[in-house]
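Computed from the coordinates by the stated procedures, all read-outs in this text should not be read as laboratory data. Nothing here was measured: the structure is a model prediction, and the numbers come from that model.
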Ligand code: SF4
Ligand code: SF4
C-alpha cells in the first residue's frame, strides 16, 4: 500500500533532517520502500510503499511522530470515456504502469505509480488524473 507523507520543516517531525522513516523501520521491523521524495526548505512530501498488512501500524507510528499520512488507494485514475488509446502515456511512464491489452486498449496497473505526473502532462485528452 502506498502512503503519502506530508510534513512542515518547522513541524515536530522533519523527514528531511530527522530519520523518522528509518526510526519507524527499526521500531516496527516493517520494510519501507521510499518511492519518491520532494523536500524543499519549507515542507516536504515522501511517497512510501509498505506491505498492506503493516500499513496501519506504520501509519499510526508516523502520525505519532507528527507526519501527516494519506493513504493512496489509486495513485493514478483513468477516465475511460476520454481515453483514445493513443499510447502517449505508455512511453513517458517510468514505472510501466500502462500497456496495451490484446485489443490495443489501454491497461493500467495503478499500484506501480509513483506520482511523478508525467503521464498527466503527456495525455492529449486529459484522461488521466491523480487522486488528491
Ligand atoms: S504519475 Fe508517473 S508513475 Fe504514475 S502512472 Fe503517471 S507517469 Fe507513471
Ligand atoms: S495518453 Fe491519454 S488518451 Fe493516450 S492512451 Fe494514455 S490515457 Fe489514453
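Using Cα-Cα distances under 8 Å and only pairs 6 or more residues apart, what relative contact order does the chain have, in percent? Working shown, then result.
Details: 223 pairs, mean separation 33.7, N = 132.
Relative contact order here is 25 percent.
Would you calculate a helix-derived [θ] at 222 nm for the chain, using -39,500 (n - 2.57) for each DSSP H run of n ≥ 4 and dividing by the full residue count, to the nearest 500? Provide the component values of the computation, followed by the final result.
Working: 4 runs with 29 residues, N = 132.
Taking each H run of at least 4 residues, the total per residue is -5500 deg cm²/dmol.
Cα-Cα pairs above 20 Å in the chain: how many percent? Please report the intermediate quantities before stating the final value.
Working: 4268 of 8646 pairs.
I get 49 percent for the Cα pairs in the chain exceeding 20 Å.
Any idea what Rg and Dmax come out to for segment 76-130 if you just take the C-alpha atoms, in Å?
9.9, 28
Pull out the extension gain between residue 70 and residue 38, defined as 0.36 nm times the separation in residues minus the alpha carbon to alpha carbon distance; nm, one decimal.
10.0 nm
Pop out the Kirkwood hydrodynamic radius of segment 2-72 from its pairwise C-alpha distances, inverse of mean 1/r, in Å to one decimal.
11.9 Å
Fully extended, how many nm does the chain gain between residue 96 and residue 56 (0.36 nm per residue separation, minus their Cα-Cα distance)? Walk me through the intermediate numbers first.
Numbers: separation 40, 0.36 × 40 = 14.40 nm, distance 2.76 nm.
The residue 96-residue 56 span can extend by a further 11.6 nm.
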